[in-house]
Amino acid sequence: MARKTRPTLAHWFQFLAYRCVEFFLGILSVDTTFSIGELIGRLIYRLPLAHRSIVLRNLRLAYRNEMSEEEIGTLAERVYELTGANLLSSIRIPSLSDQQIKDLVQFEHLNLLTEASVGRKGIVLLVPHMGNWELLAQAMGLIFPEIDPPIQGGTHYRPLNNPAMNRLIERRRKRRGTKLFSKGSSLHTLTAFLREGNLLAILADQRVGPRGETCNFFGLPTDCSPLPALLAKRTGATILALHCETTGPAQWKIVISTVRRPDTASCMQTLEAAWRSSPQDVFWFQDRWRYQISKGIISAPLD
């Protein structure tokens with residue numbers, strides 16, 4: 001279904017509710033917001049909701065030969081806690097000052113961005129759904145201009161279904177220098193941006209359906225986005241990966257890593273390594289191997 005361009009009455013009610021929550025959280029510290037979100041996630045995990053079955057099934061598939069059922073249950077609960085903490089604290093991030101945002105995060109291997117920017121052939125940045133996404137978006141917007149030579153950062157994203165909310169999020173991310181390309185942007189537009197020596201971040205770890213390229217992910221076949229590899233091959237851009245880990249209450253780490261080859265299989269190997277580095281931070285709520293399960297390629301474990 002196409003996203004509506006004009007907000008409906010329901011959209012405005014959702015928008016108002018969000019702004020009320022945002023106002024309330026603005027009174028609290030980021031640490032307190034994080035703790036409240038953690039508690040909410042812990043409580044939701046105990047409710048008999050459908051998405052808990054999806055999380056547990058994904059974890060059983062990914063760690064089928066590595067974790068016991070008890071360990072998977074413990075990890076699933078922690079996934080809920082950190083998802084709640086990261087989602088709620090992400091509401092606070094845009095209202096913070098530049099220095100406050102920098103105080104919340106540390107970077108690892110930032111030199112890889114500096115080295116890749118020297119040739120000015122562009123950078124394709126693989127970004128998984130991990131950790132505090134809003135902190136990631138805001139912090140990178142602050143870091144790119146400080147790299148020598150400075151980098152113009154952009155992101156390829158799926159617009160929100162609520163137009164009013166989408167405009168708010170877009171305005172806040174653009175404020176810190178990030179250029180936004182919606183999911184409907186043409187391949188020509190994306191390649192032109194990269195050929196100017198810029199950086200384009202792509203969320204490439206989620207299910208794409210039968211139109212994707214089949215690769216192994218956690219040792220199981222699944223359909224993956226070919227877009228990062230395609231852009232790199234067309235432009236000569238370097239592919240790097242970046243992910244966010246929660247290191248403590250309201251504290252995060254952003255890690256940059258290399259991708260061995262400019263192909264989809266190598267991209268997925270790098271993203272798998274990122275997921276494995278901090279599985280409790282991963283958004284396991286999407287049915288990642290659904291198409292292979294429905295086709296009988298993968299035998300799904302019991303929920």
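The values are calculated or read from the model by the stated rules, or taken from the named source; none is laboratory data. A quick note: this is a predicted structure, and the numbers were derived from the prediction, not measured. In this analysis, Cβ positions are derived from the backbone assuming ideal geometry, glycine residues included, and neighbour counts consider all displayed protein chains.
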*segment 136-165: number of residues that are in a helix (DSSP H, G or I) and either modelled with pLDDT of 90 or more or of a type in the set (D, E, K, R) (or both)*: 4
*asked:* Which pairs turn up if I take residues in segment 109-121 that are closer than 16 Å to residue 198 by Cβ and look for partners that are at pLDDT below 85 and loosely packed, with under 13 Cβ neighbours inside 10 Å with beta carbon separation below 7 Å, at least 6 apart in sequence or on another chain?
replied: 114/148; 117/149
*Quick one: in segment 191-211, which of the residues that are among the aliphatic types (A, V, I, L, M) and not in a loop (DSSP other than H, G, I, E, B) is surrounded by the fewest Cβ atoms within 10 Å (Cβ to Cβ)?*
192
*Name the residues in segment 35-54 that are in a helix (DSSP H, G or I) and within 17 Å of residue 283 (Cα to Cα), would you?*
37, 38, 40, 41, 42, 44, 45, 50, 51, 52, 53, 54
_Please go through (1) more than 24 Å from residue 251 (Cβ to Cβ); (2) touching a residue at least 60 places away in the same chain (Cβ under 8 Å) for residue 171 and return the number of the only condition it doesn't satisfy._
(2)
*Looking at 138, 100, which one is surrounded by fewer than 21 Cβ atoms within 10 Å (Cβ to Cβ), out of contact with any Cys (no Cβ under 7 Å at 6 or more places or on another chain) and polar (S, T, N, Q)?*
100
*State which residue is surrounded by the fewest Cβ atoms within 10 Å (Cβ to Cβ) when the search covers only segment 212-223 and only residues that are hydrophobic (A, V, I, L, M, F, W, C) and closer than 20 Å to residue 239 by Cα.*
215
*Considering only residues of segment 94-111 that are at pLDDT 90 or above, in a helix (DSSP H, G or I) and under 20 Å from the mean Cα position of the chain (by Cα), which is nearest to residue 172 (Cα to Cα)?*
101
